[in-house]
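The structure appears below as structure tokens.
The values are calculated or read from the model by the stated rules, or taken from the named source; none is laboratory data. Model, not experiment: these values are computed from the prediction. Cβ placement follows ideal geometry from the backbone for every residue including glycine, while neighbour counts extend to all protein chains displayed.
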Amino acid sequence: MNNKVKIIRVSKDMQQKDLALKVGISRQTLSLIEKGQYNPSLKLCVNIAEALDSDLNTLFWKV
Amino acid sequence: MNKQKESLYIKIIKHVYGIQGYFDEYKKQEVNRIGNNAFLILFSLFWIELLATSFASLRVDSDLILEILICSNLLIFFVILWYLAIAVSRLNLDQVEAYDDNDFHLKLKIAKKKAIFTFFLDFIIPRIFFFIFDLLDKDNELSIWQNIISPKENIVWGIGAIFMGFTTYLILKSRIKK
Amino acid sequence: MKKQKESFYVKFIKYLYNINDNFDEYKRSEVNRIGNNAFMFLIVYFWLETMSFVVLVFSSFDLTDMLSIIFFSNALILFIIMSYISFSIYKLKLDHIDAYDDMDYHLKLKKLKRKSIFMSLIFFIIERLSTFYLDYSYNTDNLSLIQLIFSPRANINWFIGAVSVGFIYYFRTKSKINK
């Protein structure tokens with residue numbers, strides 16, 4: 001499922017490894033989420049949104 | 001983020017599947033999928049083996065059935081381990097991420113400690129196994145003490161263990177991704 | 001929503017875990033978790049069994065006794081695993097079926113009746129084949145092949161058994177259909 005995680009992350013000048021560490025997942029998992037190859041659980045989506053100081057709609061809704 | 005202390009269950013899973021680093025929800029999901037597939041194969045073969053053994057024992061010698069059982073069990077065991085290794089490797093679940101140079105050297109240090117632990121494990125377990133084997137072997141005329149300090153056995157397994165420890169270190173090092 | 005044709009893999013999982021309704025994402029993740037737990041238990045037992053074979057074969061144990069021990073311990077382990085799977089599925093209610101209205105309920109009951117009859121038939125065939133093989137191996141009364149196949153006692157016994165299995169399956173699964 002496509003999303004805007006990478007776009008928002010890059011706009012915040014954050015590296016993948018930093019976001020992965022902040023959220024508590026591996027870089028590999030974050031990479032798969034950004035490519036749309038893995039659908040994270042709602043809990044993980046909320047954690048990513050919090051880490052990027054954003055919300056679920058902006059990141060995941062109808063991309 | 002605080003790293004939570006891993007439960008014994010997660011440690012066992014990481015050890016069985018050769019997974020290192022964060023055991024996050026993606027890895028957990030993939031491990032569960034791989035494990036379930038392996039279970040389906042193993043369970044089916046187990047059933048077939050049980051039924052075949054019970055029916056074959058009515059007509060065939062016990063020696064032959066036992067020999068076939070041992071060979072088929074070993075084969076099934078290695079096929080399952082091979083499937084696990086291939087599946088984990090294909091999904092890169094066994095990779096370790098190093099965030100910077102310090103982290104990389106820290107992880108190398110951990111890899112060295114694991115390799116030394118592997119060396120001891122690969123020396124002690126086969127020695128105990130073959131020690132019991134020699135004790136039960138009717139043709140073996142050595143005493144218990146002679147079996148324990150046997151130079152040939154200790155040197156052979158020592159060399160094997162060093163080789164395994166060194167190989168483990170190289171494999172673990174190759175999985176650390178900067 | 002169109003119902004996709006299920007792959008053999010999904011059908012096999014549904015059969016093994018006794019899942020009757022849609023195999024959705026939640027059921028899949030729970031089944032994978034249960035299967036992985038069962039696998040960890042089984043692989044450890046399998047490894048221990050194989051190692052002990054190798055040691056015991058070279059010892060002075062009687063091979064027939066060893067075979068009996070192996071047979072019974074394998075049967076026990078399979079029983080433990082099947083109990084664990086059944087209990088987990090029961091606890092999570094993964095074997096429940098949802099009926100959306102009266103028409104759907106009656107349709108599901110009809111499918112269940114067909115499935116129960118099919119199961120009875122399979123049970124009868126498998127058990128008859130097994131007992132036929134056992135009778136043929138231990139043929140102490142020296143009966144002919146035809147007499148063994150058409151034995152009224154064996155056929156009636158297993159027919160009653162198959163009908164019982166069919167009924168039990170039908171009523172057990174019917175109780176799991178949620179209106």
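Structure data summary
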{"read-out": "Flag if B:Ala111 is outside the structural domain of B:Gly18 (by TED's automatic domain parsing) and either in a helix (DSSP H, G or I) or more than 24 Å from A:Ser26 (Cα to Cα) (or both)", "value": "yes"}
{"read-out": "Conditions (1) closer than 20 Å to B:Lys11 by Cβ; (2) surrounded by fewer than 17 Cβ atoms within 10 Å (Cβ to Cβ); (3) at pLDDT 90 or above; number of the one not met by C:Trp47", "value": "(3)"}
{"read-out": "Enumeration of residues in region B:56-84 that are farther than 13 Å from C:Phe46 by Cα and touching a Ser or Thr at 6+ places or on another chain (Cβ under 8 Å)", "value": "B:Leu58, B:Arg59, B:Ser62, B:Ile65"}
{"read-out": "Criterion (more than 7 Å from chain C (Cβ to nearest Cβ), in contact with a strand residue (DSSP E or B) (Cβ under 9 Å, 6 or more places away or on another chain), part of a helix (DSSP H, G or I) and aromatic (Phe, Trp, Tyr)) met by exactly one of B:Phe120, B:Phe104", "value": "B:Phe104"}
{"read-out": "Some residue of region C:102-121 being within 14 Å of another protein chain (Cβ to nearest Cβ) and hydroxyl-bearing (Ser, Thr, Tyr)", "value": "no"}
{"read-out": "Residue list for region B:18-53, filter: buried (at least 19 other Cβ atoms within 10 Å of the Cβ) and closer than 30 Å to B:Ile68 by Cβ", "value": "B:Ile34, B:Gly35, B:Asn36, B:Asn37, B:Ala38, B:Phe39, B:Leu42, B:Phe43, B:Phe46, B:Thr53"}
{"read-out": "Inter-residue pairs, beta-carbon under 9 Å, first within 11 Å of another protein chain (Cβ to nearest Cβ) and in region C:127-138, second modelled with pLDDT of 85 or more and exposed (fewer than 14 other Cβ atoms within 10 Å of the Cβ), 6+ apart", "value": "C:Ser130/B:Leu51"}
{"read-out": "C:Ile80 being more than 7 Å from chain B (Cβ to nearest Cβ) and surrounded by 15 or more Cβ atoms within 10 Å (Cβ to Cβ)", "value": "no"}
{"read-out": "The lone exception for C:Lys113 - which of (1) in a helix (DSSP H, G or I); (2) exposed (fewer than 12 other Cβ atoms within 10 Å of the Cβ) it fails", "value": "(2)"}
{"read-out": "Tally, over region C:19-35, of residues that are assigned to a loop (DSSP other than H, G, I, E, B) and either at the interface with another protein chain (Cβ under 8 Å from one of its Cβ atoms) or surrounded by fewer than 17 Cβ atoms within 10 Å (Cβ to Cβ) (or both)", "value": "2"}
{"read-out": "Number of the condition not met by B:Asp94 [criteria: (1) assigned to a helix (DSSP H, G or I); (2) in contact (Cβ under 8 Å) with a residue 60 or more places away in the chain]", "value": "(1)"}
{"read-out": "Subset of region B:30-56 [within 24 Å of B:Lys177 (Cβ to Cβ) and more than 7 Å from every other protein chain (Cβ to nearest Cβ)]", "value": "B:Glu30, B:Ile34"}
{"read-out": "Only one of C:Ser68, C:Ser59 that is over 25 Å from B:Lys14 (Cα atoms), at the interface with chain B (Cβ under 7 Å from one of its Cβ atoms) and out of contact with any strand residue (DSSP E or B) (no Cβ under 7 Å at 6 or more places or on another chain)", "value": "C:Ser59"}
{"read-out": "Residue in region B:138-159 that is away from every other protein chain (no Cβ under 14 Å), assigned to a helix (DSSP H, G or I), at pLDDT 90 or above and closer than 30 Å to C:Phe39 by Cβ present", "value": "no"}
{"read-out": "Scan of region A:9-30 for residues that are farther than 15 Å from B:Lys178 by Cα, polar (S, T, N, Q) and touching a helix residue (DSSP H, G or I) at 6+ places or on another chain (Cβ under 7 Å), ordered by number", "value": "A:Thr29"}
{"read-out": "Residue match in region B:70-80 (condition: in contact (Cβ under 8 Å) with a residue 60 or more places away in the chain and not aliphatic (A, V, I, L, M))", "value": "no"}
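To keep it simple, each residue is scored yes or no on (1) surrounded by 20 or more Cβ atoms within 10 Å (Cβ to Cβ); (2) assigned to a helix (DSSP H, G or I).
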residue	(1), (2)
A:Asn3	yes, no
A:Met14	no, no
A:Ala20	yes, yes
A:Cys45	no, yes
A:Ser54	no, no
A:Thr58	no, yes
A:Lys62	no, no
